Amino acid sequence: MPRVVLCPVGDDTSICSSCVVVTEEGDPQILDMPLDIVLGTDPGVCQAIASWVEPTAIDNFGLSTLVSDYLPGDTFPLGETLVTYTATDLAGNSTSSSFVVTVEDNETPQLVGMPSDVTIESLAGSCTAVHLWNQPSAIDNCGVATVTYDLESGTTFPLGDTTVTYSVTDINGNLASSSFTVTVVDT
């Protein structure tokens with residue numbers, strides 16, 4: 001830490017019999033630190049852009065720097081990220097303060113290409129019919145974990161209405177379901 005020594009000028013020691021030493025011992029202060037931020041992922045991606053008003057810093061000896069490892073407008077990954085600001089004064093004293101940016105996946109997965117409701121005729125001499133369809137696909141901003149369904153393409157359906165349901169769960173536990181109806185009629 002810097003020292004300032006104040007002594008008399010010249011050789012006349014009768015004016016002053018001692019010297020005054022001034023030292024800087026106070027740490028800078030960071031003001032208006034942001035509070036923790038919680039936000040959902042940006043649409044279609046597994047991350048989010050976070051914004052905040054940057055804090056300021058003060059010091060009685062003079063401020064040298066105020067730096068951070070992240071800036072407003074940076075992109076943050078899923079989960080928790082610690083954002084730290086560090087203020088350093090001209091004497092080399094420093095102080096740090098932090099807040100947390102939490103990004104959560106609130107976007108539900110989607111089933112693409114779900115079959116439409118359909119009416120089919122029963123097989124000759126039977127009260128049933130077989131129906132084939134293309135399997136839908138699943139998409140998600142962070143990744144699909146599972147796709148389940150209660151009936152497979154090529155199933156034999158009885159007379160009347162039968163609902164076929166597909167469900168998709170993403171890697172963060174978000175769930176979506178969709179269904180279609182197969183109606184078998186006796187002609």
Unit charges at the beta carbon, dipole of the range 41-140: most positive-side option, Leu78, Ala50, Thr65
Leu78
Report, to the nearest whole %, how much of the accessible area of the range 64-171 belongs to carbon and sulfur atoms, 1.4 Å probe, protein only.
50 percent
Identified option (computed Kirkwood radius over Cα pairs in Å; candidates (i) 16.8; (ii) 22.9; (iii) 20.2)
(ii)
Using a Förster distance of 22 angstrom, determine the FRET efficiency expected from the C-beta separation of Ser126 and Thr183, and round it to 0.05.
0.90
Let me cross-check Ile171: its accessible surface, 1.4 Å probe, with only protein heavy atoms counted, in Å² to the nearest 10?
100 Å²
Stretched out fully, how many nm does the piece from Asp117 to Thr162 gain, at 0.36 nm a residue minus the Cα gap?
15.2 nm
Take the chain, mark every one of the GluC sites (Glu not before Pro) that falls in a DSSP loop and has at most 11 other Cβ within 10 Å, then report the longest stretch left between them, sites excluded.
26-151
Per residue, how large is the accessible surface of the chain? Use a 1.4 angstrom probe and give square angstrom.
59 Å²
Given the options Thr155, Thr108, Ile171, identify the residue whose Cα lies farthest towards the positive end of the charge dipole of the chain (+1 on Cβ of Lys, Arg; -1 on Cβ of Asp, Glu).
Thr155
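Give, rounded to the nearest 20 debye, the magnitude of the charge dipole that the chain has about its Cα centre when Lys and Arg contribute +1 at Cβ and Asp and Glu contribute -1 at Cβ.
Once rounded to the nearest 20, the dipole reads 260 debye.
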Rounded to the nearest 0.05, what FRET efficiency do Phe99 and Ile139 have when you use their Cβ-Cβ distance and R0 = 45 Å?
0.85
Report the residues of the range 107-133 in range of a label on Ala176: point 7 Å along Cα→C-beta, backbone N strictly under 14 Å from it.
107-115
Using a Gaussian network model of the chain whose springs link C-alpha atoms within less than 10 Å, name the residue from Cys127, Cys46, Cys142 with the highest mean-square fluctuation.
Cys127
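The values are calculated or read from the model by the stated rules, or taken from the named source; none is laboratory data. Keep in mind the model is a prediction, meaning the values are calculated, not measured. FYI the Cβ positions are ideal-geometry reconstructions off the backbone, even for glycines, and counts take in every protein chain you see. Quick note on the areas: whole protein, heavy atoms, side chains included, nothing else; ligands and nucleic acids left out. Shrake-Rupley method; radii C 1.70, N 1.55, O 1.52, S 1.80 Å.
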